[in-house]
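Below: the structure, in structure tokens.
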Amino acid sequence: MTIISPSILSCDFLNIESEVKALATCQNIWIHLDIMDSHFVPNLTFGGPVVKNLHKITKHPLDAHFMVTNPEFFLDDFKNYKIHNFTFHLEACHDPVDFIIKGKKLYPSLGISIKPKTPVSQIPKDVLAKTDLILIMSVEPGFGGQKFMEDSFNKIKDLDQLRKKNNYHYQIQIDGGISNLNAKELTRAGVDNLVAGSYIFSGSPQNYPQMVESLRPKIDLE
Ligand code: DX5
Ligand code: ZN
């Protein structure tokens with residue numbers, strides 16, 4: 001079943017607890033956490049103090065997306081925060097295979113992300129074989145509410161083909177500019193996990209579950 005990952009970057013930060021709890025009734029969702037350091041990307045968000053107790057207010061898996069220059073620091077720092085998936089950027093890591101091996105000892109799932117200008121061919125084979133998730137950025141990382149980059153479809157198709165051909169186990173996640181206008185075509189192309197921020201959180205909290213469901217392909221609902 002397709003996973004939908006609401007990104008709390010677009011939620012009301014004065015009420016994070018009630019915003020996250022408004023998603024309580026959803027099925028098959030991850031809570032997407034955008035960690036930015038104002039270095040790897042221009043923007044700055046939140047870190048450990050905000051994340052460490054989130055697991056107490058939600059049963060949904062926590063999905064941390066690190067847009068940081070030094071992912072090694074966070075790999076250790078977040079290890080007790082009950083994060084389900086830890087995603088780092090290929091562009092920020094000199095030895096991604098070693099990083100994944102270390103990370104797999106600390107987190108149930110380890111993911112790697114590529115920015116729009118990084119081609120799929122730049123992901124080493126050993127990474128493809130070992131990673132649990134590949135996050136394709138379909139906007140320049142740093143901000144919510146940007147326009148989806150259409151050429152992301154080629155990356156999805158390439159990664160889906162590679163996975164089938166080599167029996168790789170990674171799931172394909174996409175992040176940036178996701179809405180009901182592109183969600184279904186993306187899942188058809190091979191995406192397993194859709195991150196959406198502004199689309200889900202633009203309405204009122206009682207409608208969040210409905211917004212989540214509107215991103216799911218029909219086949220999931222049958
Ligand atoms: C952007 C973040 C995204 C962001 C997506 O750098 O990685 O997770 O929240 O926001 P929308 O869905 O509004 O494009
Ligand atoms: Zn993200």
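Computed from the coordinates by the stated procedures, all read-outs in this text should not be read as laboratory data. Since the structure is predicted, the reported quantities are computational estimates derived from the model, not experimental observations. So basically every Cβ, Gly included, is an ideal-geometry build from the backbone, and we count neighbours across all protein chains shown.
Taking amide H as placed 1.01 Å from N in the peptide plane, residue 113 has its amide H under 5 Å from the amide H of 88, 89, 90, 135, each at least 5 places away in sequence or on another chain.
Under 5 Å between amide hydrogens, built in the peptide plane, is the criterion, and for residue 138 it picks out 175, 176 among residues at least 5 positions away or on other chains. Residue by residue, the range 66-73 carries 3J(HN,Hα) couplings of 8, 9, 9, 6, 10, x, 4, 4 Hz when phi is fed to the Karplus relation 6.51 cos²θ - 1.76 cosθ + 1.60 (θ = phi - 60°); x denotes Gly or Pro. The label-point distance for residue 214 and residue 168, in a model that sets each label 7 Å from Cα toward Cβ, rounds to 3.3 nm. Taking 7 Å steps out from each Cα toward its Cβ at residue 180 and residue 84 produces label points 2.5 nm apart.
Any chance you could list the semi-axes, whole Å, largest first, of the equivalent ellipsoid that the Cα gyration tensor gives for the range 3-221, using √(5λ)?
Sorted largest first and rounded, they come to 24, 21, 16 Å.
With 0.36 nm allotted per residue and the present C-alpha distance subtracted, the residue 25-residue 207 stretch has 64.4 nm of extension available.
Summarising the label geometry, the points placed 7 Å from Cα in the beta-carbon direction at residue 59 and residue 73 lie 3.6 nm from one another. Computed from backbone phi with θ = phi - 60° and the Karplus coefficients 6.51, -1.76 and 1.60, the 3J(HN,Hα) list for the range 127-142 is 5, 4, 6, 9, 6, 8, 8, 10, 9, 8, 7, 9, 9, 5, x, x Hz; x is used for glycine and proline. Taking amide H atoms as placed 1.01 Å from N in the peptide plane, the amide H of residue 93 has no partner under 5 Å among residues 5 or more positions away or on other chains.
Most simply put, the range 3-221 has about 5% antiparallel DSSP beta bridges, counting only bridges with both residues inside it. In a fully extended conformation the segment linking residue 18 and residue 148 would gain 44.0 nm over its present Cα-Cα distance, using 0.36 nm per residue.
Put the Cα centre of the range 1-68 next to the Cα centre of the range 139-178 and the gap is 20 Å.
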